[in-house]
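Inspection log for the structure reproduced underneath, given as structure tokens.
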Amino acid sequence: MRNALTASLEDYLEAIFQIIEEKQAVRAKDIARRLGVSNPSVTGALRSLAEKELVAYAPYDVISLTPRGKAAARDVVRRHEVLRDFFVNVLAVEESAADEAACRMEHSIPKVILERFIRFAEFVEVCPRGGEKWIRDFGARCGQGATREDCERCIESVLEEVRHRKRRESRKAFPTAKLNELKPGQKGKVLKVNFHEGGGRKISEMGVSPGAVVEIERVSPMGEPIDIKVKGYHLSLRREEAEEVEIETL
Amino acid sequence: MKTEIVVALAGNPNAGKTTIFNELTGSRQHVGNYPGVTVECKEGFRRHAGADLRIVDLPGTYSLTAYSEEELVARNFLIDEKPDVVVDILDASNLERNLYLAVQLIELGVPLVLAFNMSDVARARGYEFDLPKLERFFGAVIVETTGNKGDGMTALLDAAVRVARSGPRADFRAPAVVYGKVIEEEIARIAPLVEKAGLFAGKYDPRWTAIKLLESDRELRKEVLSLEVIDQLEKSAVRIQKMLGEPPETAIAGDRYGFISGACQEAVRSTIEIRHTTSDQIDAVVTHPVFGIPIFLGLMYLVFHLTFTIGAPPMDWIEMFFGWLGGGIGAVWPEGRARLLQSLLVDGIIGGVGGVVVFLPNILLLFLAIAVLEYTGYMARAAFLMDNVMHKIGLHGKSFIPMLIGFGCTVPAILATRTLDNRRDRLTTMLVLPLISCGARLTIYALVIPAFFPQAWQAPMLWIIYVIGILLAVAGAKLLRRTIFKGESVPFVMELPPYRMPTLKAVLIYMWDLGWQYLKKAGTVILGISILLWALSSFPALPESEAARFRAARQEAASARMTGAERVDWIAGIDNEEAKAALLNSYAGRIGKGMEPALEPMGFDWRIGIALIGAFAAKEVFVAQMGIVHAVGEADEESESLREKLRQAYSPLVGFCVMVFCLIAAPCSATVAVTAREGGSWKWGLLQLGGLTSLGYVLTVIVYQVGRFLGIGAG
């Protein structure tokens, strides 16, 4: 069935899928704006997608994807993301350029090759002989040209890293938690601050931003708010705000 | 060359900004009037190095994202007034967070001097600053100061004047605050669109606008009409969320902190590690799980005691003084000449001024206590302790103190809401405060309860009235938060500043400022209303025929044969009758009578109506007016003869209704005036007056009608 879709129809499918993700409802106007095409061509495309039973569409009604359409769209989006991530993370291509190339390649790449591609990217990231560091070195080498003398040391450090990782895994990784789950005296490192009606900004402006170390100092006698120490000063938060802060316990 | 240099003082709350401002300007300061009157900027003057400096104390803020009114006022001042130099006061012992504002000032591109304040504390904590390196990093002159000792002030002024006159030193280049790759890409997409659309052209730099828009700056966003920009902003936000796993706001804040940490890692050294400062030790006691709340309640009792018990003698002196003044004028006034002018002077003006000044001891003492609580840092702990309870009623932890003060007097309680940072919290608290029974209303209860209720019922009755008020205040606050003050809930993200010893100067200036503002702004309104109410109850005078009748009666009494004591009683009786007749004949009396049909559903007659008009001047006047209309003279709440009259005229149900109505309806004129003044608009004063009066009316009618239907206390 997928073979019957043209590159342009795939683009439409992808756009509809993304707009639904962001805004819940799709209008022809939104699609036209996102893809930079005219309204009549959107109508045309919608009609042929509806013929293929990928889209439920009637003029002037809300557009939705059929289950099959959703699966097909997800497939397109996934191909796009896999390619883009490979370009950015492995090939160290600049993000916008990666996005553009992925856009063009996603329609033509056969499924088998794509699967292998994903497995290769995973393998490169995980294999000790490769790994993230190796990829980073590749990025640096692309920028600076070759250096050979460090190879021996590099391989040694890789071996070191494998042993280190083994040790750490046996020790159990640091658990993640929400800030409100910590007890007085416990410390954590902020992983991310979820957005919560402007509250997230206020919290991060006060210094509770990713990377910062926070310590629960005490809890108000009434159970709320809590007093945390961050960047060397004390900050009081209600539990509902602390819940928006994800941390790694230390 | 401009002769006047405008210096703006910016900085975080608790960084010692006010102390430095006081140190720099001494007593040469006043409250400036800037748009958005509820947040005040103080101004002061100083001559230094041949230049006249106008120093503007901006509200203390942590950021410039227009998140709160303070931030908006500070930012608008910086952008619209273009001060010649901005002095950012930083708490050097808490540098990283304080630098967050500095980074935003750098991004805004203002001529900047950084004052590393409390450098003594920082040194004691073992921080060592590589100042030349930090100066290069931030592209600004750095001066070390110790505000509470006055150290470094000359150097600070020197630096400010130099930067204002000649701009930043040539070798300083404002650093580019560079964000992460993903964010920079989005800025690069938005900035050209902003420039193309001509958004804020000439006012803000496109890059700055792009960053602020990405941060969802409400003030800027609402002026963006370009679809292209809005569309790009949406896309950018989605992309950043997708790539970084967090929204642009927090990502940008995180990057700014990253920039700051980088600089601090290189240029700040911490030589000793102090795990627990004195401040932490104090906190271990005052926020203790068991002792924390008793300590808080004890301190609150002290504040209350200080305000109302120590304040009572000076209040009595003031009342005595004005009484003596009025009496003195009455005594020396030529007999029978220009009686009206005498009455205006004695009852209207002197009475009115006395009514304003009489609050002053309370207000000064209360603000002395609040200044100490605020400047030591305890206020934040009080909010920390009480927030859970107050949050449940939709208020902030800091609302507790005004509510408590409200049991003494509503006027200083409304002034005490100044400690609330958020405008919605502040207005909500102000509007419901009159429901907390104040001391003046206690005089009404003290008159009415013993008149109608047996001994065993008196205490529970008083308790019921107070509880009704508290419950209505809670319900009112909830209602207001759900209706007119709806909106995103403001996070309770509050700094708990280290405990500090307040300087006497700062405390006194705080106290003086508020006292003066009360006298000037609210006082004039209260005086005006007092004179108006005086006129209402004095005009028109009794017709000559009536007055002659009372004169004749008095003469008859003088010539009648009886003992001295009997004569005095008789004449007093005539005087009381005349006072009653005069009040009935006045506009106030006529209005009271005219109101009777409206008062009837509550069980009130015209006499209560007249007394209620008096209660609008001040609640305790109700008692005196009741005395006059029942012809027992100027009664007080202990008057048994007045209670006797009340028992004859009304049922216990009406007595209860009088208390309910006085509790809820028509806050006194001083309260309305202060609410209007502090709320920044008469709208709030009138809303409070109208809202509470309607609520009081409806509830009292319900109580009376239901009570009568069930036959409770109607006999």
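The values are calculated or read from the model by the stated rules, or taken from the named source; none is laboratory data. Remember, it's a predicted structure, so these values are computed and weren't measured experimentally. Positions of Cβ are generated from backbone atoms using ideal geometry, with glycine treated the same way; all protein chains shown enter the neighbour counts.
Observations on the structure shown:
- Residue in the stretch B:259-279 that is modelled with pLDDT of 80 or more and under 22 Å from B:K196 (Cβ atoms) present: no
- Lone unmet requirement of (1) buried (at least 16 other Cβ atoms within 10 Å of the Cβ); (2) assigned by TED's automatic domain parsing to the domain that holds B:N12; (3) modelled with pLDDT under 85 for B:M118: (3)
- Meeting the requirement of 1 or more residues that are modelled with pLDDT under 85, the helices (runs of 4 or more DSSP H) wholly within the stretch B:587-664 are B:587-599, B:606-617, B:621-629, B:640-649.
- Evaluation of A:G199 against (1) at pLDDT below 80; (2) more than 7 Å from chain B (Cβ to nearest Cβ) (one fails), failing number: (2)
- Condition check for B:I401: out of contact with any Lys or Arg (no Cβ under 9 Å at 6 or more places or on another chain), modelled with pLDDT under 85, surrounded by 22 or more Cβ atoms within 10 Å (Cβ to Cβ) and part of a helix (DSSP H, G or I): yes
- Count of the stretch B:484-500 residues which are more than 10 Å from chain A (Cβ to nearest Cβ) and either under 17 Å from B:E374 (Cα atoms) or modelled with pLDDT of 85 or more (or both): 2
- Among the residues examined, B:H391 does not qualify as within 15 Å of the chain's Cα centre (by Cα) and within 14 Å of chain A (Cβ to nearest Cβ).
- Residue within the stretch B:208-229 that is free of Cβ contacts under 8 Å to residues at least 12 places away in the same chain, within 8 Å of chain A (Cβ to nearest Cβ) and not β-branched (V, I, T) present: no
- Number of residues in the stretch B:287-305 that are surrounded by 16 or more Cβ atoms within 10 Å (Cβ to Cβ) and closer than 17 Å to B:I370 by Cβ equals 5.
- Hey, B:W516 surrounded by fewer than 13 Cβ atoms within 10 Å (Cβ to Cβ) and part of a helix (DSSP H, G or I) or not: no
- Every pair of residues 6+ apart whose Cβ atoms lie under 8 Å, when the first sits in the stretch A:103-118 and is farther than 14 Å from A:E10 by Cβ while the second is basic (K, R) and surrounded by 10 or more Cβ atoms within 10 Å (Cβ to Cβ): none
Quick grid of which residues meet (1) more than 13 Å from chain A (Cβ to nearest Cβ); (2) crowded, with 22+ Cβ neighbours inside 10 Å:
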| site | (1), (2) |
| --- | --- |
| B:V372 | yes, no |
| B:M379 | no, no |
| B:M386 | no, yes |
| B:I405 | yes, yes |
| B:A413 | yes, yes |
| B:A416 | yes, yes |
| B:N422 | no, no |
| B:R426 | yes, yes |
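- Look at (1) touching a helix residue (DSSP H, G or I) at 6+ places or on another chain (Cβ under 6 Å); (2) more than 14 Å from chain B (Cβ to nearest Cβ) and you find that A:P40 fails only one, number (1).
- Any hit, the stretch B:331-345, residues being surrounded by 13 or more Cβ atoms within 10 Å (Cβ to Cβ) and β-branched (V, I, T): no
- One residue from B:I190, B:I211, B:I230 being farther than 30 Å from B:T278 by Cα and touching a Ser or Thr at 6+ places or on another chain (Cβ under 8 Å): B:I190
- If you go through the stretch A:35-90 and pick out every residue that is exposed (fewer than 14 other Cβ atoms within 10 Å of the Cβ) and in a loop (DSSP other than H, G, I, E, B), you end up with 8.
- Counted residues, the stretch B:246-283 - those being at the interface with another protein chain (Cβ under 9 Å from one of its Cβ atoms) and of a type in the set (F, W, Y): 1
- When the stretch B:326-364 is filtered for residues that are without any contact (Cβ under 8 Å) to a residue 60 or more places away in the chain, over 30 Å from B:H305 (Cβ atoms) and among the hydrophobic types (A, V, I, L, M, F, W, C), the ones remaining, listed by number, are B:I329, B:A331, B:V332, B:W333, B:A338, B:L341, B:L345, B:V346, B:I350.
- Residue match in the stretch B:236-245 (condition: touching a residue at least 40 places away in the same chain (Cβ under 8 Å), more than 10 Å from chain A (Cβ to nearest Cβ) and over 34 Å from the mean Cα position of the chain (by Cα)): yes
- In this structure, B:I329 does not qualify as more than 14 Å from every other protein chain (Cβ to nearest Cβ), at pLDDT below 85 and in contact with a Pro (Cβ under 9 Å, 6 or more places away or on another chain).
- Residue within the stretch B:698-715 that is over 19 Å from B:Q458 (Cβ atoms), in contact with a Ser or Thr (Cβ under 8 Å, 6 or more places away or on another chain) and in contact (Cβ under 8 Å) with a residue 24 or more places away in the chain present: yes
- Contact map, the stretch B:284-301: first residue more than 14 Å from A:D227 (Cβ to Cβ) and more than 10 Å from chain A (Cβ to nearest Cβ), second residue in a loop (DSSP other than H, G, I, E, B) and of a type outside the set (F, W, Y), Cβ cut-off under 8 Å, separation 6 or more or different chains; pairs are B:I295/B:H288.
- Scanning the stretch A:57-92 for residues that are of a type in the set (D, E) and without any contact (Cβ under 8 Å) to a residue 24 or more places away in the chain yields A:D61, A:E81.
- Flag for B:V346 being closer than 30 Å to B:A473 by Cα, assigned to a helix (DSSP H, G or I) and not charged (D, E, K, R): no
- Of the residues making up the stretch B:351-368, just one is assigned to a helix (DSSP H, G or I) and aromatic (F, W, Y), namely B:F367.
- Verdict on B:N12 being over 19 Å from B:V163 (Cβ atoms), modelled with pLDDT of 85 or more and within 22 Å of the chain's Cα centre (by Cα): yes
- Which listed residue is among the acidic types (D, E) and crowded, with 22+ Cβ neighbours inside 10 Å, from B:D80, B:D91: B:D91
- Of all residues making up the stretch B:462-513, the number that are in a loop (DSSP other than H, G, I, E, B) and either among the small types (G, A, S) or closer than 24 Å to B:A382 by Cβ (or both): 14
- Top-ranked residue in the stretch A:202-243 [being among the aliphatic types (A, V, I, L, M) and free of Cβ contacts under 8 Å to residues at least 24 places away in the same chain; ranked as nearest to the other protein chains (Cβ to nearest Cβ)]: A:M222
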